[in-house]
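Worksheet: one structure, shown below.
Rule-based calculations on the coordinates, nothing more; no lab input. These figures come from a predicted structure and were not determined experimentally. Here the Cβ positions follow ideal geometry from the backbone for every residue, glycine too, while neighbour counts run over all protein chains shown.
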């Protein structure tokens, strides 16, 4: 049996600079824990830097992760869950 770690990096602020509600991080952690029996949330800010059309951006993010069996079903879950998180904004 092999395992795979899925890490989800979430921004702490919306594009307009307003903070993301703490309840959204809690909801995500609970959804993953319900799906897989456990999840880890690291609230320490991760500093991210990215470039778009020549402009530099910096942001603070948090990280959630789960270690799960490396199965096609789990891979499909995370592919779909990405859309769930995008819609949550």
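Couple of notes before you dig in:
- Residue within the stretch 8-31 that is over 19 Å from residue 89 (Cβ atoms), surrounded by 12 or more Cβ atoms within 10 Å (Cβ to Cβ) and touching a residue at least 40 places away in the same chain (Cβ under 8 Å) present: no
- Residue 89 passes every criterion in (1) loosely packed, with under 13 Cβ neighbours inside 10 Å; (2) on the phi < 0 side of the Ramachandran plot; (3) without any contact (Cβ under 8 Å) to a residue 60 or more places away in the chain apart from (3).
- Selection count where residues are out of contact with any helix residue (DSSP H, G or I) (no Cβ under 8 Å at 6 or more places or on another chain), closer than 15 Å to residue 2 by Cβ and assigned to a strand (DSSP E or B), scope the stretch 50-81: 2
- Residue selected from the stretch 33-63 under the condition touching a residue at least 40 places away in the same chain (Cβ under 8 Å) and in contact with a strand residue (DSSP E or B) (Cβ under 6 Å, 6 or more places away or on another chain), by the criterion surrounded by the fewest Cβ atoms within 10 Å (Cβ to Cβ): 60
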